[in-house]
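Quick notes on the structure that follows.
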Amino acid sequence: MLDSVRVRLTVWYSAVLAVVLVVVSATTYLIVGKTSMQRTDADLEVLSDSFLVTFQDELSDTPGTRASAVLSAARQAMVEHRSNSDAFVVLDPGGEVAATSSEAISSGESSSSSLTRALASSDFHHFAKTSQSKEISLETIRGEHARFRAYSRQFNANGQNYALIILHSLHTQNEMLETIRLTFTWMILLGLLLAGTGGYFLARKSLAPVVAMGEHARRIGATNLHDRLPVLNANDELGRLATTFNDLLNRLDESFERQRRFVADASHELRTPLAILRGEAEVAMSQNGRKAEDYLESLGILHEETSRLIKIVEDLFTLTRADSGQYLLSPEDVYLEEIVADCAHSARTLAREKNIELRVDASSECLVRGDEALLRRMILNLLDNAIKYTAEGGRVEIACRAIAAGFEVDVTDTGPGIPSELQSRIFERFFRADPARSRSGREGGAGLGLSIALWIAEAHRGRLELVRSDATGSHFAVYLPGPVAALAGTD
(Lines give C-alpha, C1' and ligand atoms only; values in the text may rest on other atoms or scores of the structure.)
Protein backbone atom coordinates (compact mmCIF):
# COMPACT_ATOMS: atom_id res chain seq x y z
CA MET A 1 0.00 0.00 0.00
CA LEU A 2 2.82 2.38 0.88
CA ASP A 3 4.46 1.66 -2.48
CA SER A 4 2.28 4.39 -3.97
CA VAL A 5 3.72 7.90 -3.85
CA ARG A 6 0.20 9.28 -3.49
CA VAL A 7 -0.46 7.18 -0.39
CA ARG A 8 2.90 8.07 1.14
CA LEU A 9 2.30 11.77 0.55
CA THR A 10 -1.18 11.51 2.07
CA VAL A 11 0.07 9.58 5.11
CA TRP A 12 2.95 12.01 5.63
CA TYR A 13 0.72 15.06 5.27
CA SER A 14 -1.93 13.58 7.58
CA ALA A 15 0.68 12.60 10.18
CA VAL A 16 2.17 16.10 10.22
CA LEU A 17 -1.29 17.65 10.43
CA ALA A 18 -2.23 15.26 13.26
CA VAL A 19 0.86 16.23 15.25
CA VAL A 20 0.11 19.93 14.73
CA LEU A 21 -3.55 19.55 15.72
CA VAL A 22 -2.72 17.46 18.79
CA VAL A 23 -0.06 19.93 19.94
CA VAL A 24 -2.37 22.92 19.41
CA SER A 25 -5.30 21.17 21.07
CA ALA A 26 -3.24 19.98 24.03
CA THR A 27 -1.71 23.43 24.50
CA THR A 28 -5.13 25.10 24.32
CA TYR A 29 -6.57 22.54 26.74
CA LEU A 30 -3.79 23.09 29.26
CA ILE A 31 -4.06 26.87 28.97
CA VAL A 32 -7.85 26.76 29.46
CA GLY A 33 -7.51 24.38 32.42
CA LYS A 34 -4.83 26.54 34.06
CA THR A 35 -6.81 29.74 33.47
CA SER A 36 -9.96 28.16 34.86
CA MET A 37 -8.09 27.00 37.97
CA GLN A 38 -6.61 30.48 38.50
CA ARG A 39 -10.07 32.00 38.18
CA THR A 40 -11.40 29.47 40.71
CA ASP A 41 -8.62 30.37 43.17
CA ALA A 42 -9.40 34.05 42.75
CA ASP A 43 -13.13 33.40 43.34
CA LEU A 44 -12.30 31.39 46.47
CA GLU A 45 -10.23 34.28 47.83
CA VAL A 46 -13.09 36.72 47.17
CA LEU A 47 -15.55 34.28 48.72
CA SER A 48 -13.37 33.93 51.84
CA ASP A 49 -13.21 37.73 52.18
CA SER A 50 -16.98 37.98 51.90
CA PHE A 51 -17.45 35.13 54.39
CA LEU A 52 -15.18 36.74 56.96
CA VAL A 53 -16.91 40.11 56.58
CA THR A 54 -20.25 38.45 57.23
CA PHE A 55 -18.74 36.43 60.06
CA GLN A 56 -17.40 39.58 61.78
CA ASP A 57 -20.79 41.31 61.46
CA GLU A 58 -22.62 38.32 62.90
CA LEU A 59 -20.05 37.93 65.68
CA SER A 60 -20.54 41.52 66.81
CA ASP A 61 -24.33 40.99 67.00
CA THR A 62 -24.24 37.56 68.66
CA PRO A 63 -24.43 37.38 72.52
CA GLY A 64 -22.99 34.53 74.54
CA THR A 65 -19.68 33.05 75.41
CA ARG A 66 -16.75 33.52 73.21
CA ALA A 67 -16.71 29.96 71.78
CA SER A 68 -20.47 29.71 71.34
CA ALA A 69 -20.61 33.17 69.75
CA VAL A 70 -17.89 32.24 67.26
CA LEU A 71 -19.63 29.01 66.32
CA SER A 72 -23.01 30.75 66.00
CA ALA A 73 -21.58 33.54 63.85
CA ALA A 74 -19.75 30.99 61.67
CA ARG A 75 -22.94 28.96 61.10
CA GLN A 76 -24.91 32.10 60.28
CA ALA A 77 -22.27 33.17 57.76
CA MET A 78 -22.35 29.67 56.23
CA VAL A 79 -26.11 29.90 55.82
CA GLU A 80 -25.86 33.25 54.07
CA HIS A 81 -23.17 31.93 51.71
CA ARG A 82 -24.68 28.54 51.14
CA SER A 83 -24.05 27.03 47.68
CA ASN A 84 -24.36 23.62 46.08
CA SER A 85 -20.75 23.82 44.88
CA ASP A 86 -19.10 25.17 48.02
CA ALA A 87 -18.63 23.80 51.53
CA PHE A 88 -17.33 25.76 54.54
CA VAL A 89 -15.42 24.37 57.48
CA VAL A 90 -14.18 26.28 60.52
CA LEU A 91 -11.39 24.73 62.58
CA ASP A 92 -10.95 25.71 66.21
CA PRO A 93 -7.57 26.74 67.64
CA GLY A 94 -6.83 23.06 68.35
CA GLY A 95 -7.26 22.10 64.71
CA GLU A 96 -10.54 20.25 65.28
CA VAL A 97 -13.65 20.80 63.13
CA ALA A 98 -15.81 23.33 64.95
CA ALA A 99 -18.50 23.96 62.32
CA THR A 100 -19.42 22.78 58.80
CA SER A 101 -21.93 23.94 56.26
CA SER A 102 -23.18 20.49 55.29
CA GLU A 103 -26.31 20.82 57.37
CA ALA A 104 -26.95 24.37 56.07
CA ILE A 105 -27.23 23.39 52.39
CA SER A 106 -30.94 22.99 51.72
CA SER A 107 -30.84 22.15 47.97
CA GLY A 108 -28.81 19.98 45.66
CA GLU A 109 -28.63 16.83 47.70
CA SER A 110 -26.24 15.20 45.29
CA SER A 111 -23.74 18.01 45.61
CA SER A 112 -24.31 18.22 49.36
CA SER A 113 -23.71 14.52 49.89
CA SER A 114 -20.66 14.69 47.63
CA LEU A 115 -19.27 17.57 49.65
CA THR A 116 -20.11 15.78 52.88
CA ARG A 117 -18.18 12.68 51.76
CA ALA A 118 -15.28 14.91 50.73
CA LEU A 119 -15.14 16.38 54.27
CA ALA A 120 -14.71 12.85 55.59
CA SER A 121 -11.96 11.89 53.14
CA SER A 122 -8.34 11.34 54.17
CA ASP A 123 -7.18 13.95 51.66
CA PHE A 124 -9.27 16.61 53.42
CA HIS A 125 -7.96 15.70 56.86
CA HIS A 126 -4.41 15.81 55.56
CA PHE A 127 -5.03 19.23 54.03
CA ALA A 128 -6.64 20.50 57.24
CA LYS A 129 -3.66 19.36 59.26
CA THR A 130 -1.01 20.84 56.99
CA SER A 131 -2.81 24.15 56.47
CA GLN A 132 -2.60 25.03 60.20
CA SER A 133 0.94 26.26 59.75
CA LYS A 134 0.24 28.41 56.70
CA GLU A 135 -1.55 31.70 56.35
CA ILE A 136 -3.18 30.69 53.07
CA SER A 137 -3.17 27.27 51.43
CA LEU A 138 -4.51 26.03 48.10
CA GLU A 139 -4.70 22.41 47.04
CA THR A 140 -6.77 20.10 44.87
CA ILE A 141 -8.10 17.09 46.76
CA ARG A 142 -9.93 14.05 45.46
CA GLY A 143 -13.18 12.88 46.92
CA GLU A 144 -14.94 9.61 46.37
CA HIS A 145 -16.14 10.41 42.84
CA ALA A 146 -15.10 14.03 42.28
CA ARG A 147 -12.35 16.56 42.70
CA PHE A 148 -12.43 19.69 44.87
CA ARG A 149 -10.36 22.80 45.21
CA ALA A 150 -9.51 23.38 48.89
CA TYR A 151 -8.76 26.88 50.17
CA SER A 152 -7.53 27.51 53.71
CA ARG A 153 -7.13 30.86 55.47
CA GLN A 154 -6.27 31.79 59.04
CA PHE A 155 -8.41 34.40 60.87
CA ASN A 156 -8.74 35.80 64.39
CA ALA A 157 -11.94 35.84 66.45
CA ASN A 158 -12.22 37.01 70.07
CA GLY A 159 -8.49 36.73 70.48
CA GLN A 160 -8.29 33.15 69.20
CA ASN A 161 -6.82 31.83 65.91
CA TYR A 162 -9.26 29.94 63.78
CA ALA A 163 -8.98 28.49 60.26
CA LEU A 164 -11.52 28.80 57.47
CA ILE A 165 -11.52 26.04 54.86
CA ILE A 166 -13.60 26.32 51.70
CA LEU A 167 -14.13 23.29 49.46
CA HIS A 168 -15.18 24.20 45.93
CA SER A 169 -16.50 21.45 43.68
CA LEU A 170 -14.69 21.20 40.33
CA HIS A 171 -17.62 19.38 38.76
CA THR A 172 -18.56 22.28 36.47
CA GLN A 173 -14.96 22.91 35.51
CA ASN A 174 -14.40 19.22 34.81
CA GLU A 175 -17.51 19.12 32.63
CA MET A 176 -16.25 22.12 30.68
CA LEU A 177 -12.81 20.52 30.18
CA GLU A 178 -14.42 17.22 29.18
CA THR A 179 -16.51 19.09 26.62
CA ILE A 180 -13.36 20.77 25.30
CA ARG A 181 -11.60 17.39 25.10
CA LEU A 182 -14.45 15.80 23.18
CA THR A 183 -14.70 18.83 20.90
CA PHE A 184 -10.99 18.76 20.13
CA THR A 185 -11.05 14.98 19.60
CA TRP A 186 -13.87 15.17 17.06
CA MET A 187 -12.32 18.21 15.41
CA ILE A 188 -8.98 16.38 15.03
CA LEU A 189 -10.63 13.25 13.65
CA LEU A 190 -12.82 15.23 11.28
CA GLY A 191 -9.89 17.44 10.25
CA LEU A 192 -7.70 14.41 9.56
CA LEU A 193 -10.48 12.74 7.58
CA LEU A 194 -11.07 15.82 5.45
CA ALA A 195 -7.35 16.59 5.11
CA GLY A 196 -6.47 12.97 4.27
CA THR A 197 -9.23 12.70 1.68
CA GLY A 198 -8.45 16.09 0.19
CA GLY A 199 -4.70 15.44 0.32
CA TYR A 200 -5.09 12.10 -1.44
CA PHE A 201 -7.14 13.57 -4.27
CA LEU A 202 -4.80 16.57 -4.48
CA ALA A 203 -1.76 14.25 -4.66
CA ARG A 204 -3.59 12.09 -7.20
CA LYS A 205 -4.39 15.11 -9.33
CA SER A 206 -0.87 16.52 -8.98
CA LEU A 207 0.77 13.20 -9.86
CA ALA A 208 -1.66 12.38 -12.66
CA PRO A 209 0.69 13.95 -15.27
CA VAL A 210 3.53 11.79 -13.92
CA VAL A 211 1.36 8.67 -14.29
CA ALA A 212 0.41 9.77 -17.80
CA MET A 213 4.08 10.39 -18.65
CA GLY A 214 4.94 6.93 -17.32
CA GLU A 215 2.24 5.28 -19.43
CA HIS A 216 3.31 7.25 -22.50
CA ALA A 217 6.97 6.44 -21.91
CA ARG A 218 6.12 2.74 -21.49
CA ARG A 219 4.64 2.72 -25.00
CA ILE A 220 7.76 4.22 -26.56
CA GLY A 221 10.04 1.64 -28.12
CA ALA A 222 12.53 1.22 -30.93
CA THR A 223 9.76 1.40 -33.54
CA ASN A 224 8.25 4.69 -32.32
CA LEU A 225 11.25 6.38 -30.72
CA HIS A 226 10.22 9.62 -32.43
CA ASP A 227 7.22 9.99 -30.07
CA ARG A 228 7.58 12.55 -27.31
CA LEU A 229 5.92 13.21 -23.96
CA PRO A 230 3.37 16.03 -23.91
CA VAL A 231 4.53 19.18 -22.08
CA LEU A 232 1.57 21.03 -20.57
CA ASN A 233 3.58 23.70 -18.75
CA ALA A 234 7.26 23.96 -19.54
CA ASN A 235 7.89 26.24 -16.52
CA ASP A 236 6.79 23.93 -13.68
CA GLU A 237 8.59 20.90 -12.25
CA LEU A 238 6.59 18.35 -14.25
CA GLY A 239 7.10 20.34 -17.43
CA ARG A 240 10.86 20.44 -16.86
CA LEU A 241 10.82 16.69 -16.14
CA ALA A 242 8.98 16.01 -19.40
CA THR A 243 11.34 18.31 -21.29
CA THR A 244 14.38 16.55 -19.82
CA PHE A 245 12.91 13.16 -20.73
CA ASN A 246 12.18 14.38 -24.26
CA ASP A 247 15.79 15.58 -24.55
CA LEU A 248 16.89 12.10 -23.51
CA LEU A 249 14.62 10.60 -26.16
CA ASN A 250 16.08 12.98 -28.74
CA ARG A 251 19.59 11.80 -27.89
CA LEU A 252 18.50 8.18 -27.99
CA ASP A 253 16.71 8.73 -31.29
CA GLU A 254 19.80 10.34 -32.77
CA SER A 255 21.96 7.53 -31.40
CA PHE A 256 19.64 4.87 -32.84
CA GLU A 257 19.55 6.70 -36.14
CA ARG A 258 23.34 6.88 -36.28
CA GLN A 259 23.51 3.21 -35.36
CA ARG A 260 21.03 2.25 -38.08
CA ARG A 261 22.82 4.40 -40.61
CA PHE A 262 26.17 3.00 -39.50
CA VAL A 263 24.99 -0.59 -39.88
CA ALA A 264 23.35 0.14 -43.24
CA ASP A 265 26.41 1.98 -44.57
CA ALA A 266 28.81 -0.64 -43.23
CA SER A 267 26.76 -3.40 -44.82
CA HIS A 268 26.66 -1.47 -48.08
CA GLU A 269 30.39 -0.84 -48.04
CA LEU A 270 31.22 -4.45 -47.24
CA ARG A 271 28.79 -5.81 -49.82
CA THR A 272 30.63 -4.33 -52.80
CA PRO A 273 34.10 -5.84 -52.20
CA LEU A 274 32.54 -9.12 -51.15
CA ALA A 275 30.44 -9.19 -54.33
CA ILE A 276 33.54 -8.46 -56.42
CA LEU A 277 35.46 -11.20 -54.64
CA ARG A 278 32.70 -13.72 -55.24
CA GLY A 279 32.25 -12.64 -58.86
CA GLU A 280 35.94 -12.90 -59.71
CA ALA A 281 36.16 -16.27 -57.96
CA GLU A 282 33.15 -17.56 -59.90
CA VAL A 283 34.59 -16.35 -63.20
CA ALA A 284 37.97 -17.95 -62.46
CA MET A 285 36.35 -21.27 -61.59
CA SER A 286 33.80 -21.32 -64.42
CA GLN A 287 36.20 -21.13 -67.35
CA ASN A 288 38.63 -23.88 -68.28
CA GLY A 289 41.81 -23.32 -70.18
CA ARG A 290 42.20 -19.66 -69.22
CA LYS A 291 45.52 -18.01 -69.79
CA ALA A 292 47.89 -17.32 -66.95
CA GLU A 293 47.51 -13.61 -67.57
CA ASP A 294 43.75 -13.88 -66.96
CA TYR A 295 44.28 -15.68 -63.67
CA LEU A 296 46.85 -13.10 -62.61
CA GLU A 297 44.39 -10.32 -63.42
CA SER A 298 41.67 -12.03 -61.34
CA LEU A 299 44.10 -12.56 -58.48
CA GLY A 300 45.10 -8.90 -58.68
CA ILE A 301 41.48 -7.85 -58.40
CA LEU A 302 40.93 -10.26 -55.50
CA HIS A 303 44.01 -8.89 -53.74
CA GLU A 304 42.94 -5.27 -54.28
CA GLU A 305 39.41 -5.85 -53.01
CA THR A 306 40.68 -7.90 -50.07
CA SER A 307 43.00 -5.04 -49.10
CA ARG A 308 40.12 -2.60 -49.40
CA LEU A 309 37.92 -4.87 -47.29
CA ILE A 310 40.61 -5.18 -44.61
CA LYS A 311 41.03 -1.39 -44.52
CA ILE A 312 37.29 -0.89 -44.04
CA VAL A 313 37.19 -3.44 -41.23
CA GLU A 314 40.23 -1.88 -39.56
CA ASP A 315 38.68 1.59 -39.79
CA LEU A 316 35.41 0.32 -38.30
CA PHE A 317 37.30 -1.40 -35.50
CA THR A 318 39.25 1.79 -34.78
CA LEU A 319 36.09 3.90 -34.55
CA THR A 320 34.34 1.29 -32.42
CA ARG A 321 37.21 1.23 -29.94
CA ALA A 322 37.32 5.04 -29.97
CA ASP A 323 33.59 5.29 -29.23
CA SER A 324 33.87 2.88 -26.30
CA GLY A 325 36.97 4.60 -24.90
CA GLN A 326 39.09 1.45 -25.26
CA TYR A 327 41.66 2.96 -27.62
CA LEU A 328 44.52 4.04 -25.37
CA LEU A 329 47.03 6.54 -26.72
CA SER A 330 50.77 6.02 -26.39
CA PRO A 331 52.01 9.61 -26.01
CA GLU A 332 55.63 10.51 -26.60
CA ASP A 333 57.60 13.54 -27.77
CA VAL A 334 57.68 13.53 -31.59
CA TYR A 335 58.58 16.03 -34.28
CA LEU A 336 55.48 16.83 -36.26
CA GLU A 337 57.41 18.14 -39.30
CA GLU A 338 59.16 14.77 -39.68
CA ILE A 339 55.83 12.93 -39.62
CA VAL A 340 54.46 15.34 -42.25
CA ALA A 341 57.53 14.81 -44.47
CA ASP A 342 57.33 11.00 -44.17
CA CYS A 343 53.60 10.96 -44.94
CA ALA A 344 54.13 13.22 -47.97
CA HIS A 345 56.84 10.86 -49.19
CA SER A 346 54.47 7.89 -48.85
CA ALA A 347 51.69 9.73 -50.68
CA ARG A 348 53.85 10.72 -53.68
CA THR A 349 53.12 7.39 -55.36
CA LEU A 350 49.38 8.06 -55.32
CA ALA A 351 49.94 11.63 -56.51
CA ARG A 352 52.28 10.51 -59.31
CA GLU A 353 49.66 8.09 -60.69
CA LYS A 354 47.31 11.06 -61.26
CA ASN A 355 50.05 13.46 -62.31
CA ILE A 356 49.32 15.61 -59.23
CA GLU A 357 51.96 17.97 -57.91
CA LEU A 358 52.54 17.41 -54.17
CA ARG A 359 54.19 20.32 -52.37
CA VAL A 360 55.56 20.02 -48.83
CA ASP A 361 56.56 22.78 -46.40
CA ALA A 362 57.86 21.17 -43.20
CA SER A 363 60.94 23.22 -42.40
CA SER A 364 59.84 24.52 -38.98
CA GLU A 365 60.61 22.45 -35.91
CA CYS A 366 57.37 21.37 -34.26
CA LEU A 367 57.82 19.25 -31.12
CA VAL A 368 54.52 17.80 -29.98
CA ARG A 369 53.53 15.10 -27.52
CA GLY A 370 51.24 12.50 -28.98
CA ASP A 371 50.76 9.04 -30.42
CA GLU A 372 53.05 8.92 -33.46
CA ALA A 373 51.13 6.12 -35.20
CA LEU A 374 47.81 7.94 -34.86
CA LEU A 375 49.24 11.31 -35.96
CA ARG A 376 50.76 9.62 -39.01
CA ARG A 377 47.44 8.00 -39.82
CA MET A 378 45.58 11.32 -39.50
CA ILE A 379 47.92 13.09 -41.93
CA LEU A 380 47.84 10.18 -44.41
CA ASN A 381 44.03 10.23 -44.34
CA LEU A 382 44.01 13.97 -45.14
CA LEU A 383 46.53 13.55 -47.97
CA ASP A 384 44.67 10.54 -49.37
CA ASN A 385 41.40 12.50 -49.28
CA ALA A 386 43.01 15.50 -51.03
CA ILE A 387 44.63 13.40 -53.76
CA LYS A 388 41.48 11.34 -54.27
CA TYR A 389 39.31 14.38 -55.02
CA THR A 390 41.86 16.34 -57.05
CA ALA A 391 41.70 15.95 -60.81
CA GLU A 392 44.73 14.85 -62.87
CA GLY A 393 47.28 17.61 -63.26
CA GLY A 394 46.12 19.34 -60.07
CA ARG A 395 48.06 20.31 -56.99
CA VAL A 396 48.07 19.25 -53.32
CA GLU A 397 49.98 21.18 -50.66
CA ILE A 398 50.77 20.28 -47.06
CA ALA A 399 52.48 22.59 -44.57
CA CYS A 400 53.43 22.39 -40.92
CA ARG A 401 54.11 25.47 -38.83
CA ALA A 402 54.11 26.73 -35.24
CA ILE A 403 51.39 29.12 -34.05
CA ALA A 404 50.73 30.94 -30.79
CA ALA A 405 48.57 28.17 -29.27
CA GLY A 406 50.59 25.23 -30.57
CA PHE A 407 51.03 23.87 -34.09
CA GLU A 408 49.04 23.83 -37.34
CA VAL A 409 49.04 21.39 -40.26
CA ASP A 410 47.38 22.70 -43.45
CA VAL A 411 46.31 20.47 -46.35
CA THR A 412 45.00 22.20 -49.48
CA ASP A 413 44.03 20.89 -52.89
CA THR A 414 42.72 22.17 -56.23
CA GLY A 415 39.76 19.81 -56.36
CA PRO A 416 36.18 20.74 -57.27
CA GLY A 417 35.31 21.66 -53.69
CA ILE A 418 32.46 20.53 -51.47
CA PRO A 419 28.95 21.94 -51.94
CA SER A 420 28.09 24.38 -49.16
CA GLU A 421 24.99 22.40 -48.13
CA LEU A 422 27.15 19.30 -47.56
CA GLN A 423 30.11 20.90 -45.77
CA SER A 424 28.56 20.39 -42.29
CA ARG A 425 28.40 16.61 -42.89
CA ILE A 426 31.85 15.86 -44.21
CA PHE A 427 33.06 14.46 -40.88
CA GLU A 428 30.13 12.04 -40.60
CA ARG A 429 30.93 8.38 -40.98
CA PHE A 430 30.42 6.86 -44.44
CA PHE A 431 29.60 10.27 -45.87
CA ARG A 432 30.92 11.07 -49.36
CA ALA A 433 30.29 14.33 -51.16
CA ASP A 434 30.42 12.50 -54.51
CA PRO A 435 28.90 9.00 -54.10
CA ALA A 436 29.40 8.28 -57.81
CA ARG A 437 33.17 8.14 -57.24
CA SER A 438 33.06 6.08 -54.07
CA ARG A 439 33.85 2.69 -55.52
CA SER A 440 35.93 3.31 -58.65
CA GLY A 441 39.21 1.49 -58.11
CA ARG A 442 41.73 3.28 -55.92
CA GLU A 443 39.43 6.27 -55.62
CA GLY A 444 36.86 4.10 -53.91
CA GLY A 445 36.57 5.01 -50.27
CA ALA A 446 34.27 4.07 -47.40
CA GLY A 447 33.88 7.65 -46.14
CA LEU A 448 35.66 6.93 -42.84
CA GLY A 449 38.98 8.74 -43.37
CA LEU A 450 37.89 12.19 -42.21
CA SER A 451 35.93 10.71 -39.27
CA ILE A 452 39.05 8.94 -38.04
CA ALA A 453 41.19 12.03 -38.61
CA LEU A 454 38.75 14.14 -36.57
CA TRP A 455 38.81 11.64 -33.70
CA ILE A 456 42.62 11.55 -33.68
CA ALA A 457 42.81 15.36 -33.54
CA GLU A 458 40.32 15.54 -30.69
CA ALA A 459 42.09 12.69 -28.83
CA HIS A 460 45.18 14.94 -28.80
CA ARG A 461 43.10 17.87 -27.42
CA GLY A 462 43.22 19.48 -30.84
CA ARG A 463 40.71 20.02 -33.62
CA LEU A 464 40.25 19.43 -37.33
CA GLU A 465 38.40 22.04 -39.38
CA LEU A 466 37.37 22.65 -42.94
CA VAL A 467 38.70 26.18 -43.42
CA ARG A 468 37.54 26.70 -46.99
CA SER A 469 35.96 24.73 -49.82
CA ASP A 470 34.89 26.26 -53.12
CA ALA A 471 35.48 25.89 -56.84
CA THR A 472 39.21 26.54 -56.40
CA GLY A 473 39.67 23.64 -53.98
CA SER A 474 39.48 22.75 -50.28
CA HIS A 475 41.58 23.65 -47.26
CA PHE A 476 41.70 21.47 -44.12
CA ALA A 477 43.58 22.56 -40.98
CA VAL A 478 44.67 20.53 -37.96
CA TYR A 479 45.39 22.45 -34.75
CA LEU A 480 47.42 20.66 -32.08
CA PRO A 481 48.45 22.03 -28.67
CA GLY A 482 52.02 22.30 -27.50
CA PRO A 483 53.71 19.53 -25.47
CA VAL A 484 52.52 20.80 -22.05
CA ALA A 485 48.83 21.02 -23.02
CA ALA A 486 48.98 17.74 -24.92
CA LEU A 487 50.55 16.02 -21.92
CA ALA A 488 47.73 17.32 -19.67
CA GLY A 489 45.18 15.93 -22.10
CA THR A 490 46.60 12.40 -22.01
CA ASP A 491 46.86 12.00 -18.23
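The values are calculated or read from the model by the stated rules, or taken from the named source; none is laboratory data. It should be emphasised that the depicted structure is a prediction, and the values quoted were computed from it without experimental measurement. A quick note on method: Cβ atoms are made from the backbone with ideal geometry, for glycine too, and the neighbour counts reach across all protein chains shown. In case anyone asks, the SASA skips ligands and DNA or RNA and just uses the protein heavy atoms, side chains included. Shrake-Rupley method; radii C 1.70, N 1.55, O 1.52, S 1.80 Å.
Listing for the model above:
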| item | result |
| --- | --- |
| Kirkwood hydrodynamic radius of the stretch 118-233, Cα pairs, Å | 20.9 Å |
| Descending Cα extents along the principal axes, the stretch 189-229, whole Å | 53, 11, 5 |
| Separation of the GLU297 and THR35 label points, Cα + 7 Å toward Cβ, nm | 11.7 nm |
| Size of charge dipole - the stretch 336-375 - debye, nearest 20, with Cβ of Lys, Arg +1 and Asp, Glu -1, no other charges | 240 debye |
| Cα→Cβ-extended label distance, 7 Å offset, between SER286 and ALA212, nm | 6.4 nm |
| The chain: angle of helix 66-80 to the longest principal axis, Cα-based, in degrees nearest 10 | 50 degrees |
| Lys, Arg +1 and Asp, Glu -1 on Cβ, resulting dipole of the chain about Cα centre, debye, nearest 20 | 940 debye |
| Furthest towards positive pole of dipole, SER298, TRP186, ALA242, structure part the chain, Cβ charges | TRP186 |
| Alpha carbon centroid spacing (whole Å) that separates the stretch 21-71 from the stretch 232-260 | 79 Å |
| Positive dipole terminus of the stretch 333-389, leading residue within SER346, GLY370, ALA386 (C-beta point charges) | ALA386 |
| Taking the C-alpha atoms of the stretch 302-372, convex hull volume expressed per residue in Å³ | 118 Å³ |
| log₁₀ of I(q)/I(0) at q = 0.21 Å⁻¹ - the stretch 1-105, Debye sum with one point per alpha carbon | -1.07 |
| Largest to smallest accessible area among GLU80, GLU293 [probe 1.4 Å] | GLU293, GLU80 |
| Added length on full extension, which subtracts the Cα-Cα distance from 0.36 nm per residue, VAL16 to LYS311 | 99.3 nm |
| Surface/4 of the Cα convex hull for the chain, nm² | 47.5 nm² |
| VAL263 paired with HIS226, simple spin-label distance in nm, labels 7 Å along Cα-to-beta-carbon | 1.8 nm |
| Convex hull volume of the stretch 155-211 per residue (C-alpha atoms, cubic angstrom) | 87 Å³ |
